[in-house]
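For reference, the structure discussed in these notes is given below.
The values are calculated or read from the model by the stated rules, or taken from the named source; none is laboratory data. Note that the coordinates shown come from a computational prediction; the quantities given were computed from them, not determined experimentally. Cβ atoms come from the backbone with ideal geometry, glycine included; neighbour counts cover every protein chain shown. Accessible surface areas use protein heavy atoms only, side chains included; no ligands, DNA or RNA. Shrake-Rupley method; radii C 1.70, N 1.55, O 1.52, S 1.80 Å.
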Amino acid sequence: MTAVTDVKTNPSPIVFDKTSARKLTPSTSSFSFPIGYHELHPDVSINFQLNRFYGWVGDDSMLTEMRDAVGDVSDYPAFTKIILGLGEAALARSEVLKGAYYLRLAEFFLFFNDPRKLPTRQRFVDLLLEHLQIAPSAFGRIPFGTGWLPTYRLTPLKPKGTLVVFGGFDSYIEEWLPAALVFRDAGYDTILFEGPGQGAALELAHLTMSAEWEKPVKAVLDFFHLDAVTLMGFSLGGGLVIRAAAFEPRVRRVIAYDICTDALECALRPFPPQAQQEILGWINAGNEGAVDKFFTAAVAKSLLLDWMMKLGMHNSGTRTPYAMMKHYQQYETASLSPRLTQDVLLMAGAEDHYIPVHQLPDQIATLTQVRSLTARLFTRAEQAQNHCQVGNMGLAFRIVIDWLTGLGPIEKLTGG
């Protein structure tokens, strides 16, 4: 059986046991997340995604099903067909949470122009909202630019603070709803939103990604009339949260889950160091032809790279590899970090295959004016060494709650 992390609603040590992970429902005061990062597929990125979506379910049978069904499948069309079949089978057995996340896993690898993508996405959302008993009144749309931003607000009876959360490059905020229930039941008025380039803001409201993340954050704080909040961004959001906090004084506490100081470095990480330097040189010199030629050849040899490039151009609204790279070159934190004066929590996985671990000390070094700084590196011994602590997300949530508790009541703004 899989060990689990229990996330309690009152400050207490992490509890490890050998029972199966319990279903996550909003009616409980204790949530359980599985502990363990599993070898399910030889491709590091596919293996991560299998573990990622299993982490929200915690049903041991899911591990066996995925390993047996797709452990040697590297063709994305075949992969998505198989995972969709697992989802339908799980739903037929009334295993709703498992079935919903299987649909999300399959949809994750569908290209944006696949006619199955949006219907599968919506089905995942509908199933998860119903299973977690999220009332329709919790959902809202905030006018923004030419479109709107989707939001969910989960409020306890006696809030002791407000937590505003958003995701990153490829997440849907609904995926994170089980975690939102943890923070709500820990006493925090929890608001989730998607900004430009994310989830429904991208797919339904047609807003593409922007590095100026203070603008959607301002729209959310204005809409809900919020004065002093904790702002948390995960994955690429770990960089966006630093950028937003540099401009928004109503953000009093900042959580980068995980850190992301340089998105372009992350985008180039799959390539050998020499190739990275060559590509970066072309980008800095404005050599569009060389960049586009390189990636045209590279994606022809790698289905994963082809998927990543198409997703990146879709999210950013760009049409060429060069334009996409120039776009994500804006996503850095060094130029803005000295402006932060808040309490800051930085989190990082020691073996994150997306974000180089050196970005943690890089981020620490530039936060020279913050009121307090806490950094947490998660390791293999904790089964939390991966991106966003997939393998032991319950530990990450416990760390966040304990950090917030230790700071005490959030201070209000004065004089404005």
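Under 1.5 on a/c is rounded, so check that first for segment 225-377, then, if it is not, pick prolate when a/b is larger than b/c and oblate when it is not; a ≥ b ≥ c are the square roots of the alpha carbon gyration tensor eigenvalues. Present the calculation step by step, with values, prior to reporting the outcome.
On the way: a/c = 2.25, a/b = 1.99, b/c = 1.13.
Prolate, because a/c is 1.5 or more and a/b exceeds b/c.
Classify the chain as rounded, prolate or oblate from the Cα gyration tensor: take a ≥ b ≥ c as the square roots of its eigenvalues, call it rounded if a/c is under 1.5, otherwise prolate when a/b beats b/c and oblate if not.
rounded
Accessible area per residue for segment 323-379 in Å², computed with a 1.4 Å probe and the full protein assembly in place, what is it?
Per residue, segment 323-379 has 40 Å² of solvent-accessible surface.
Using the heavy atoms of the protein chains alone and a 1.4 angstrom probe, what is the accessible area of segment 89-215 per residue in square angstrom?
The answer is 36 Å² per residue.
How much length, in nm to one decimal, is gained on full extension between LYS293 and ALA89, taken as 0.36 nm per residue of separation minus their Cα-Cα distance?
Net length gain for the segment: 69.1 nm.
For segment 315-378 and segment 106-138, write down the distance between their C-alpha centroids in whole Å.
Centre-to-centre distance over Cα atoms comes out at 29 Å.
Which part of segment 333-347 falls in the paramagnetic zone of GLN276, meaning amide N under 19 Å from the point 7 Å along Cα-to-beta-carbon?
Residues 333-335 fall inside that zone.
How big is the dipole moment of the chain about its Cα centre under a simple scheme where the beta carbon of each Lys and Arg is +1, that of each Asp and Glu is -1, and everything else is neutral? Debye, nearest 20, please.
The dipole magnitude comes to about 840 debye.
How far apart, in nanometres, would the label points at THR146 and ALA365 be if each is projected 7 angstrom from Cα along the Cα-to-Cβ direction?
Distance between label points: 4.1 nm.
Count the net charge of all other residues whose Cβ sits under 13 Å from the Cβ of TYR76, scoring Lys and Arg as +1 and Asp and Glu as -1.
Result for the local shell: -1.
Rounded, prolate or oblate: which one fits segment 43-182, using the alpha carbon gyration tensor with axes a ≥ b ≥ c (rounded when a/c is under 1.5, else prolate when a/b beats b/c, else oblate)?
Prolate, since a/c reaches 1.5 and a/b exceeds b/c.
List, in the order given, every pair from LYS293/LYS326; LYS81/LYS117; LYS117/LYS326 whose Cα-Cα distance in the structure shown is over 22 Å.
LYS117/LYS326, as the Cα separations exceed 22 Å there.
Within the chain, what is the longest stretch that has no GluC sites (Glu not before Pro) placed in a DSSP loop and near at most 16 other beta-carbon atoms within 10 Å?
Result, exposed sites excluded: 40-211.
Could you tell me what percent of the accessible area of the chain is made up of carbon and sulfur, with a 1.4 Å probe and every protein chain present? Walk me through the numbers on the way to the answer.
Numbers: 9280 of 16200 Å².
Carbon with sulfur: 57 percent of the solvent-accessible area.
Please report the accessible area of ARG93 (heavy atoms, 1.4 Å probe, ligands and nucleic acids excluded) in Å², nearest 10.
Only protein atoms counted, so the area is about 120 Å².
Could you check the spin-label model distance between ALA69 and GLN122? Points 7 Å from the Cα along Cα→Cβ, value in nm.
According to this spin-label approximation, the distance is 2.3 nm.
Just by accessible area at a 1.4 angstrom probe, what is the order of LEU377, LEU86 from largest to smallest?
Heavy-atom accessible area, descending, gives LEU377, LEU86.
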